[in-house]
Amino acid sequence: MRFAKIVFLVAGIHGLLILAPIYFMENFIGRHTPPAITHPEYFYGFLGLGLAWQVLFLVLSTDPVRYRTMIPPSILEKVAYGVALIVLFSKSRLSLSALAIGSVDWIFAFLFVAAYFTTRSARAAV
């Protein structure tokens with residue numbers, strides 16, 4: 001269970017540190033990676049949803065056995081973004097650097113799978 005606690009704590013903190021500053025970068029992103037953001041509702045909606053998931057990871061880190069049923073949706077969250085990155089890169093719509101940075105989600109997806117299986121054995125022991 002300690003492994004799962006650490007994985008979700010690191011994932012939540014990492015996500016908050018990456019996503020929260022982006023709230024203040026709309027103009028910067030528009031200037032440095034044109035075109036400008038034309039649908040801010042999607043931009044801020046994505047960020048808000050992403051931040052909500054990071055909070056869930058932090059909650060999961062407090063008691064992974066109790067919240068074990070939320071681990072599969074958490075895995076899906078990481079895999080969905082990872083797949084989107086691969087598809088966009090394969091269609092030359094994403095830079096290699098963006099793919100590399102976003103690939104951290106694949107690492108977390110695999111760690112979440114491992115956490116899921118380690119909490120199963122901890123739950124059986126309770």
Among the chymotrypsin sites (Phe, Trp or Tyr not before Pro) within segment 1-108, which fall in a DSSP loop and have no more than 12 other Cβ atoms within 10 Å of their own Cβ? none
Please report, in debye to the nearest 20, how large the charge dipole of segment 15-80 is about its Cα centre when each Lys and Arg carries +1 at its beta carbon and each Asp and Glu carries -1 there. 160 debye
Where the chain is the region considered: accessible area per residue in Å², 1.4 Å probe: 63 Å²
Taking the Cβ of residue 19 as the center, what net charge do the other residues with Cβ under 14 Å away carry, scoring Lys and Arg +1 and Asp and Glu -1? -2
Residues whose built amide H sits under 5 Å from the amide H of residue 37, excluding neighbours closer than 5 in sequence, are 30
Where Lys and Arg each count +1 and Asp and Glu each count -1, what net charge lies around residue 107 among other residues with Cβ under 15 Å from its Cβ? -1
Reviewing [x] 8.4; [y] 7.9; [z] 10.2, the figure for mean projected area of the Cα convex hull in nm² actually calculated from this model sits under [y]
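Place a +1 charge on the Cβ of each Lys and Arg in the chain and a -1 charge on the Cβ of each Asp and Glu, then give the dipole magnitude about the Cα centre in debye, rounded to the nearest 20.
So the dipole magnitude of the chain works out to roughly 400 debye.
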Starting at the first residue of segment 31-38, write each ³J(HN,Hα) from the Karplus equation 6.51 cos²θ - 1.76 cosθ + 1.60 with θ = phi - 60°, in whole Hz, x for Gly and Pro. 6, 9, 9, x, x, 4, 5, 9
With a 1.4 Å probe and every protein chain kept in, tell me what percent of the accessible surface of the chain is carbon plus sulfur. 72 percent
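The values are calculated or read from the model by the stated rules, or taken from the named source; none is laboratory data. Nothing here was measured: the structure is a model prediction, and the numbers come from that model. As a convention, Cβ positions derive from the backbone with ideal geometry for all residues, glycine included, and neighbour counts pool all protein chains shown. SASA here: full protein model, heavy atoms, side chains in, ligands and nucleic acids out. Shrake-Rupley method; radii C 1.70, N 1.55, O 1.52, S 1.80 Å.
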